[in-house]
1. What translational diffusion coefficient, to the nearest whole µm²/s, does region 33-142 have by Stokes-Einstein, given a Kirkwood radius computed over alpha-carbon pairs, a temperature of 25 °C and 0.890 mPa s viscosity?
2. Give the order of Asp183, Asp126, Asp253 when sorted by the count of other beta carbons within 10 angstrom, beginning with the fewest.
3. ³J(HN,Hα) across region 335-340 via Karplus (A = 6.51, B = -1.76, C = 1.60, θ = phi - 60°), whole Hz, x for Gly/Pro?
4. What lysines could a cross-link reach from Lys377, if we take a straight Cα to Cα line under 18 Å and drop same-chain neighbours fewer than 8 places away?
5. Specify the inter-centroid distance of region 332-388 and region 47-90, based on alpha-carbon positions, in whole Å.
6. Based on the alpha carbons, how large is the Rg to Rh ratio for the chain when Rh follows Kirkwood?
7. Near the amide H of Gly161, under 5 Å away, which other amide H atoms are found, from residues 5 or more places off or on another chain, if H is placed in the peptide plane?
8. Please list, in chain and number order, the residues 5+ apart from Val117 or on another chain whose amide H is under 5 Å from its amide H, with Hs placed from the backbone.
Amino acid sequence: MSVTTAPTSKADHPAIASKLSVELGKRGYDIHVGRGLIARAAELIKPVLHQPRVYIVSDSIVASLYLEPLEAQLKAAGIRCDHTVVPAGESSKDVSHLAQVLNAMIAARCERSTMVVALGGGVVGDLAGFAASILLRGVDFVQIPTSLLAQVDSSVGGKTGINMPAGKNLVGTFHQPRLVIADTDVLATLPKRELLAGYAEVAKYGLIEDVPFWNWLEQNGSAMVGGGESSHELLRHAIMTSCTTKARTVAADERESGVRALLNLGHTFGHALEAEMGYGAELLHGEAVAIGMVLAFDLSARLGLCPQADALRVREHLQAVGLPVRPPRAGRNGAVTPKRLIAHMAQDKKVKDGAVTFVLARGIGKAFLTADVPLDKLEATLAAAQAA
Ligand code: GLY
């Protein structure tokens, strides 16, 4: 994997932009991270186009901020632009919005050489990437992630898909983007709650395998999500560190037959919580992951695998930056009980031969996979966390 850091050529500030590569042979691609990158999108995208034409998918909030200037810039560079906009929020990641996007692309007579551009957060990236992967049996796409969560996780690695009534991300494909453009300036317009939700995915990389990064987050996390001029450089460092781990993991195990599954730390619990809360504003994906990571460390400690002090550190740091750490007690269908959560876990994509695979930890930075989790310990962990 190659990583380069260089002064941005056109930026009117001293910040730097960095580039790293996902090494996947012919399907490999670059990730650009830094300030002012959307203003340079045409220059960055042009080399990966097959024809001077893009089809942009965005959501109502992101489109109101960035779609017009992006299209103006691409058109000025001689690139034809068409677009469709879906409502902001997780509820757009479903079959009906997938159909809307595909129908709009077909109506615009997209061709196999047309580049799809996903301009938005994780929902838009997953939805547009999935649409690109099946339109005309597959067209290329570029990710312009506009949330911290998308910049550090979902825009890299080629997981695309939609939710089904029975669970999250149950339908989808592996389809790698041709390019990722992560402009840290856009994070300034992100509501604090969304920024924090992305922070959970940043913290995940420290908890899985990177103790120095976790220590750095304990020192700098609050300033990083606190806004202000100093937060840009902290964010760029955190995004680069996260993307470096993600890129290396994806290159080693693109289709998640091994080590990539560690990136699901907190997600088995998190997806069960999201199913109970209804995939809406009640509990954001990153918030569910934060609670899920606390539960994974609590369970690891209860099983005698991980020092109790590490589980406490995880809970205390995530709480200190402002993330929720306790599973909600009530959801869209009444009480959220351990039994109900466990029933959701049994429907997870990661179930193998009927057993749920968990990402547990022997300590901070020491995550591992196991299907060997006694039900009574799992129930006790969930009940204790709800009562905490
Ligand atoms: N979000 C986990 C992965 O991409 O594998």
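Please treat every number below as a calculation from the coordinates, not as lab data. Because the structure is a prediction, the values reported are computed rather than measured. Because the Cβ atoms are built from the backbone with ideal geometry, glycine has one as well, and the counts that use them run over all protein chains shown.
1. 177
2. By the 10 Å Cβ count, ascending, the order reads Asp253, Asp183, Asp126.
3. Taking θ as phi minus 60°, the curve returns 5, 8, 9, x, 4, 5 Hz for region 335-340.
4. Lys339
5. 40
6. 0.96
7. Leu127, Phe130, Thr173
8. Tyr55, Ile56, Val57, Val142
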